[in-house]
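The values are calculated or read from the model by the stated rules, or taken from the named source; none is laboratory data. The structure displayed is predicted, hence computed values, not measured ones. Please note: Cβ atoms are built from the backbone with ideal geometry, for glycine as well, and neighbour counts cover all protein chains shown.
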Amino acid sequence: MQRYFVDPARMSETAVTLTGEDARHLGSVMRAKPGDTFIACDGRGRDALAQIRSIDRDAIVADIIRELPIAAEMAWRVTVAQSLPKGDKLETVIQKGTEAGAYAFQPFLSRRTVVQYDERKEAKRLDRWRKIAKEAAEQSHRSRVPDVRPVTAWGSLIRQFADYDLVLLCYEEEGRAGSGLRRTLSEFRGRLAAESPAVLLLVGPEGGFAPEEAEEAAAAGALPVGLGKRILRTETAALYALACIGYESGELGGEFDA
């Protein structure tokens, strides 16, 4: 069944209105007609089954039949902080990271960032990144669209550490030293107080984090962790770590020992 994210202002307790590209897709591409149903999501964790009442060229009005349970969100709210990579690699991280359950994305600039950041193009790129997150959330049947935040500087990112229950710095030197992500996550889960902790995952650019950045992050409370004995590409590291976090948080089912 088709799923669409709707501005909460267009989704009341009893009705929902699709507009723009979503309305054209459902009406023209999917050839929907009155009486057909779809799933409407407000992007904040509310899903509802809706039945089409009327179809116009740029708007579809539907009645909400019933509320649906939320079952597709990861228990741990993981924000992926990704240093800007070259080309369209960040688009891959956002698309696949959304499918994997990321709560939000925070692009940032670090010492070894290779790409030339153009602030004048930021708004256009941010719109594209957010569109990718929305489409990936619909495809993967998420109940919310991950927030894709504007690019920030390394210093500003460090000041955000206090907003999180756990800050993880993916650092290849820790992988060589044997300080892996698995142990860190297991220890964190063992002392977990909140049911839905906020986790910040820091991933460096193509050249990784500079030693001084790792020291600054650790001094601010981040835990440097390795992702195994192999060197991963920057666009692979975030997805690999997300899968590990999803497993450790119980995403794949089963019970953990106390």
Practice task
Looking only at the stretch 113-130, decide whether some residue is at pLDDT below 95, within 23 Å of residue 226 (Cα to Cα) and not in a helix (DSSP H, G or I).
Solution key: yes
Fill in the blank from the handout: Only one of (1) assigned by TED's automatic domain parsing to the domain that holds residue 239; (2) within 26 Å of residue 39 (Cα to Cα); (3) in a strand (DSSP E or B) does not apply to residue 102, and that is (3)
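Residue-wise test of (1) closer than 28 Å to residue 133 by Cα; (2) exposed (fewer than 12 other Cβ atoms within 10 Å of the Cβ).
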| position | (1), (2) |
| --- | --- |
| 155 | yes, yes |
| 199 | yes, no |
| 208 | yes, no |
| 215 | no, no |
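Would you call residue 175 of a type outside the set (Phe, Trp, Tyr), modelled with pLDDT under 90, surrounded by 14 or more Cβ atoms within 10 Å (Cβ to Cβ) and more than 15 Å from residue 76 (Cβ to Cβ)? Spell out how you get there, then give the answer.
On the way: of a type outside the set (Phe, Trp, Tyr): yes; modelled with pLDDT under 90: yes; surrounded by 14 or more Cβ atoms within 10 Å (Cβ to Cβ): yes; more than 15 Å from residue 76 (Cβ to Cβ): yes.
Yes, satisfied.
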Problem - Long-range neighbours under 9 Å by Cβ, at least six apart or interchain, first residue at positive phi within the stretch 233-258, second surrounded by fewer than 21 Cβ atoms within 10 Å (Cβ to Cβ) and at pLDDT below 90 - result: 250/75; 250/189; 250/256
Exercise for the section: Inspect the stretch 64-75 for any residue being farther than 20 Å from residue 4 by Cβ, part of a strand (DSSP E or B), touching a Gly at 6+ places or on another chain (Cβ under 9 Å) and not basic (Lys, Arg) and give the result as yes or no. Expected result: no
Fill in the blank from the handout: Being under 19 Å from residue 148 (Cβ atoms), modelled with pLDDT of 90 or more and surrounded by fewer than 19 Cβ atoms within 10 Å (Cβ to Cβ) narrows 8, 34 down to just 8
Fill in the blank from the handout: Picked from the stretch 34-63 (must be of a type in the set (D, E, K, R) and without any contact (Cβ under 8 Å) to a residue 60 or more places away in the chain), the residue nearest to residue 3 (Cα to Cα) is 42
Fill in the blank from the handout: Within the stretch 178-197, of all residues that are outside any loop (DSSP other than H, G, I, E, B) and of a type in the set (Ser, Thr, Tyr), the one surrounded by the fewest Cβ atoms within 10 Å (Cβ to Cβ) is 186
Exercise for the section: Please find, within the stretch 157-172, the residue that is modelled with the highest pLDDT out of those that are farther than 19 Å from residue 105 by Cβ and surrounded by 15 or more Cβ atoms within 10 Å (Cβ to Cβ). Expected result: 171
Fill in the blank from the handout: How many residues of the stretch 135-152 are free of Cβ contacts under 8 Å to residues at least 60 places away in the same chain and assigned to a helix (DSSP H, G or I)? The answer is 3
Practice task
Within the stretch 20-27, identify whether any single residue is crowded, with 17+ Cβ neighbours inside 10 Å, under 24 Å from the mean Cα position of the chain (by Cα) and outside the structural domain of residue 118 (by TED's automatic domain parsing), and answer yes or no.
Solution key: yes
